[in-house]
Each structure stands twice: as C-alpha cells, then as structure tokens.
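First comes the structure, then the notes that go with it.
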Amino acid sequence: MTPPKKISLTRYLVEQQRIDGLIPGQLRLLLEVVARACKSISHAVNKGALGNVLGSAQSENVQGEVQKKLDIIANEVLIEANEWGGHLAGMASEEMDAIYVVPNRYPKGEYLLLFDPLDGSSNIDVNVSIGTIFSVLHMPEDDRGVDEGDFLQPGSRQVAAGYCVYGPQTTLVLTVGDGVAMFTLDREQGSFVLTQENVRIPADTQEFAINMSNMRHWAPPVRRYIDECLQGKDGPRGKDFNMRWIASMVADVHRILTRGGIFMYPWDQREPNKPGKLRLMYEANPMAWLIEQAGGAATNGKERILDLQPTKLHERVSVILGSKNEVERVTSYHSEL
Ligand code: P6P
C-alpha cells in the first residue's frame, strides 16, 4: 500500500486558502514564521541540561514570576523571527510588560501577534511537556500608530490561534476558523507534517483536570462539580471519573483535543481580587477558540471566554474549557448561585 502523501504545513495553508479564503498571503507568511520559530524553540528545549538552557534566569516577568532561561530564549526567538517580515504591526508577550512595536527599520503589516512563548515553564527542569501559545488579531482599520489599545480585542476577533507542544513529539495545533489541524514535526525533514485535521472533542467525558490542592479555596459551583465527579457511579453523575493535572496548560489542552475532558483553572479565594490565574489574551483566548473549533466549549464560569472584552493586556481570567456538556454543566452550577 502506498504510504499516505505527506502534506506539509505550507501545502496545507496554500490548499486551505483555496478552499475558504481564510489565509491571505500575509497571514500564511506569519503562520509559517511562527512555525519556524517553534522549531527553533523545540530544538532549544530538547537540549535540556546539555545546552545550558535550564534553570532560572535570575529575573522576574511582568507577572512577578521568576523567569526561566528558556522563557527568555523562546521570547527572543519569536520576536526576532517575526519583526522583519512585514506581516506584523506589533507583538505582545507574557514575558514583556509593554507591547513590542515593529521597529521603523522594518515594514509594518496588518496583524498583531500575541504569545506565551513558553507556557508551563515550571515543568522545564523536570522534563515534562511545555509549549508555545499564540493568537493573531487584525490591526484595527484606522491607520494611526500601534498602541496597547489595538490589542484589546475580544477573542472572537482572532484570525488565527494555536500552540506548539514540546513533548514526546513536537506538534503544532492550529485553527484559522475552519476547524482544528495538527502537524507533527518531522525532524528528518525539518518540517511540520499534517497528522490530523477536523479534530473533534466528544461532548461528554469522564476525565477532569484541575489542581486539587486548591479545593478548599474554590467557589461552591466548582466544589459541587468536582465533588459529584469524585462520588463516581454511586453519586449523581452515575459514572466514575479520572483525573489528570500536568500543570502545563498546553499539555492538558492537547490531551483534551485528543480524547476529550474538562480543564478548569477557576477563580479561588486565595487572591479574591484576581479573576483567575491564566491570562486572557495569550492563553485563554487562543485555547478557547481551538476548543470551540473542535466542538467543545470555553467559559469563565459565567460567560463565553471569546466574548469577553479585555481591558488590560495581561489581565487574568477564570477558565473552564473542554467537552461541551461538562462545561455547560459547570457553567449552569454558577448560574444557579
Ligand atoms: P498550578 C503554567 O505555569 C500555567 O500557567 C498553566 O500552564 C498551568 O495550567 C497552570 O499555570 C498550573 O498552575 O497552580 O497548578 O501550578
């Protein structure tokens, strides 16, 4: 039997453009540049202790979190790869307080790129999967200069979103609004090859992902949902549940896109003034769009994440996403308050 033809990321983007016109030339260039940057990041991550890339960078990011060397390396790779191509007007990163406006020595384009360059970095030193998350917005129509306000668009305005997970395989997962496709890095060819398209999440699941050590801090609706799952087949759900928590959103979301499940990082009373831990613009929004494009749902417990109007670049949000019926159940418990 002849092996299935290998469809590269480039071929997929060109052919997808012919089908639905969702990938204009500049966006295709942007996505290919991001993919190449992810290959470089994967190479750096894979070096581990052999590459003097582990450990702390002895600095803090805007979130007040200690930066790992690889956080900074990944951020620099993405900035340097994207700033000269003429497809971007600006960038925003979890690792940078302010936006990055493309320098005047380069042409400016019509897109804005937001990213968490290396999410889950607490897992770097223990060799657990981590990843890069990215979101693409269009510059607002008026042609004045780029400022932070241009980035503050609801997730429903994204034109592309995805992540690259650096695990046993390096896999790029992407949507441009016509379903979700997965590309696995072929290290012999050095290119991403289409390995799954039209990804679908089952509406029901028996697997939840949450950091159980925070249980005593949760709001009642979250506590109720998890308690019912833990009661198993003798409880109100009538079935047993399994639990996973990798503490790497990219890895947890990849599992959910692959076999279903519900992921929750809800508000809790540890820091009641913070709506949640995860960031809206470059974590929750891209992941929420991917999940919805695969038939799942994503809310903050009350509202659809993609409808939220951001007010600050690094604002946080409560995240409940995954199998549609489970997300709707948790959201309904919140509305019963
Ligand atoms: P905790 C990683 O630091 C991250 O931002 C997400 O990738 C992950 O889901 C979450 O935080 C883990 O948080 O509190 O369980 O360590």
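None of the figures in this text is laboratory data; all of them are computed from the coordinates on show. The shown structure was predicted, so the numbers you read here are calculated from the model rather than taken from an experiment. Neighbour counts are summed over all protein chains in view; Cβ atoms, including those assigned to glycine, are modelled from backbone coordinates with ideal geometry.
With the charge dipole of the chain set up from +1 on Lys and Arg Cβ and -1 on Asp and Glu Cβ about the Cα centre, the Cα lying farthest toward the positive end among the listed residues Val165, Gln196, Asn61 is that of Gln196. Whole-Hz Karplus values for the stretch 72-86 come out as 6, 4, 4, 4, 5, 4, 5, 5, 5, 6, 9, 6, 9, x, x Hz, taken residue by residue from phi with 6.51 cos²θ - 1.76 cosθ + 1.60 and θ = phi - 60°; glycine and proline positions read x.
Build a GNM of the chain with springs between Cα atoms under 10 Å apart, and of Lys274, Lys39, Lys68 the one that fluctuates most is Lys274.
To the nearest 0.05, what FRET efficiency results for Gln26 and Thr184 with a Förster distance of 45 Å applied to their C-beta separation?
On the way: r = 26 Å, r/R0 = 0.57.
For Gln26 and Thr184, the calculated efficiency is 0.95.
Across the chain, the volume of the C-alpha convex hull divided among the residues equals 151 Å³ per residue. Separation of the alpha carbons by more than 31 angstrom is noted, of Lys5/Lys239; Lys69/Lys108; Lys6/Lys47; Lys233/Lys274, for Lys5/Lys239; Lys233/Lys274.
Apply 1/(1 + (r/R0)^6) to the Cβ-Cβ distance of Gln309 and Lys5, taking R0 = 51 Å, and write down the FRET efficiency to the nearest 0.05. List each step's numbers first, then the result.
Values: r = 44 Å, r/R0 = 0.86.
For R0 = 51 Å, the calculated efficiency reads 0.70.
How long is the gain from Asn127 to Glu60 if the chain were fully straight, where each residue apart is worth 0.36 nm and the alpha carbon distance is subtracted? Display every interim value, and only then the final one.
Values: separation 67, 0.36 × 67 = 24.12 nm, distance 2.17 nm.
Computed gain between Asn127 and Glu60 is 21.9 nm.
In this simple spin-label approximation, Glu80 and Ser213 carry label points 7 Å from Cα along the Cα→Cβ vector, and these lie 3.5 nm apart.
Applying a 4.7 Å cutoff between beta carbons, the unpaired cysteines of the chain are Cys229. Label-to-label distance, Arg244 versus Glu141, with points set 7 angstrom from Cα along the beta-carbon direction: 4.4 nm. For the residues Gly48, Gly177, Gly238, a GNM of the chain with alpha-carbon springs under 10 Å puts the largest fluctuation on Gly238.
Where the convex hull is taken over the Cα atoms of the stretch 9-196, what is its projected area averaged over directions, in nm²?
11.1
Distance between the pseudo-spin-label points of Met96 and Arg157 (7 Å out from Cα toward the beta carbon): 2.0 nm. For the chain, modelled as a GNM whose springs connect Cα atoms under 10 angstrom apart, the maximal fluctuation among Arg237, Arg279, Arg28 occurs at Arg237. Taking every C-alpha pair closer than 8 Å and separated by at least 6 residues, the mean separation divided by the residue count of the chain gives a relative contact order of 15 percent. Rounded to the nearest 500, what is the chain's calculated 222 nm mean residue ellipticity when only DSSP H runs of at least 4 contribute -39500 (n - 2.57) each, over all residues? Helices in the chain give a 222 nm mean residue ellipticity of -9000 deg cm²/dmol. Applied to the stretch 125-133, the Karplus parametrisation 6.51 cos²θ - 1.76 cosθ + 1.60 on θ = phi - 60° returns per-residue 3J(HN,Hα) values of 6, 10, 6, 10, 3, 9, x, 9, 10 Hz, with x for Gly and Pro.
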